[in-house]
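Read the figures in this text as sums done on the coordinates, not as results from a lab. Model, not experiment: these values are computed from the prediction. Here Cβ is always computed from backbone atoms with ideal geometry, including for glycine, and neighbour counts include all displayed protein chains.
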Ligand code: FES
């Protein structure tokens, strides 16, 4: 699929980072899988509990 992956660049806890991301991926999965930030937790996975909230 064209444009399925996108380059994203951002500052993560004071460090500039970048990666190619599947446009369908959740931020929670990106942080956990690509940056090994296992402190980011999933709860309900439907946007109701707030367990996956991050500060932007
Ligand atoms: S896991 Fe994200 S709101 Fe519940």
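The mean of 1/r over all distinct Cα pairs in the chain, once inverted, gives the Kirkwood hydrodynamic radius of 12.3 Å. This ranking places 44, 19, 52 by how few other beta-carbon atoms lie within 10 Å of each, fewest first, which gives 44, 19, 52. By other beta-carbon atoms within 10 Å, ranking 10, 35 with the fewest at the front produces 10, 35. With neighbours defined as other Cβ atoms within 10 Å of a residue's Cβ, the residues 37, 20 order from fewest to most as 20, 37.
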